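S.K.: My questions all concern the structure below.
The values are calculated or read from the model by the stated rules, or taken from the named source; none is laboratory data. Since we're looking at a predicted model, the values are computed, not measured. Methodologically, a virtual Cβ is constructed for each residue, glycine included, from the backbone with ideal geometry; neighbour enumeration extends over all protein chains shown.
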Amino acid sequence: MTHWKQTAVLVSLTLLLLATGCARTQTVYKTTTVYRNPPAFLLADCPVPEYTGTEWKHVAEYAKAVQVMLDLCNGDKDMLREWVSEHE
């Protein structure tokens, strides 16, 4: 074979191989992330209940109980708010 024929055969085979590589279709998957937030009412502060005591000693007991309840409730709300702000 002459040099010209060898080159023509090699180029033809190369083009054939390149063309067969394009014959297959590839599936491309795209991943999307959807962030879901808890309902807004879970992020609201807890309401302070009204005092209904009848004596002065009830004031101190009520104040301590309300403070403990609000600290626990708002601590959880703070964590939820922090989570939401990190995922926005």
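S.K.: Is there any pair linking a residue in the range 68-87 that is more than 12 Å from L43 (Cα to Cα) and basic (K, R) to one that is at pLDDT 85 or above and part of a helix (DSSP H, G or I), with Cβ under 8 Å and at least six apart or on different chains, and which?
M.R.: Here the result reads none, with nothing in the range 68-87 linked to a residue that is at pLDDT 85 or above and part of a helix (DSSP H, G or I).
S.K.: Then there's this: Do you know which residues across the range 38-71 are of a type in the set (G, A, S), assigned to a helix (DSSP H, G or I) and surrounded by 10 or more Cβ atoms within 10 Å (Cβ to Cβ)? Talk me through it step by step, then tell me what you get.
M.R.: From the range 38-71, those of a type in the set (G, A, S) are 40, 44, 53, 60, 63, 65; that's our starting set.
So of that shortlist, the ones also assigned to a helix (DSSP H, G or I) come out as 40, 60, 63, 65.
Answer for the range 38-71, where residues must be of a type in the set (G, A, S), assigned to a helix (DSSP H, G or I) and surrounded by 10 or more Cβ atoms within 10 Å (Cβ to Cβ): A60, A63, A65.
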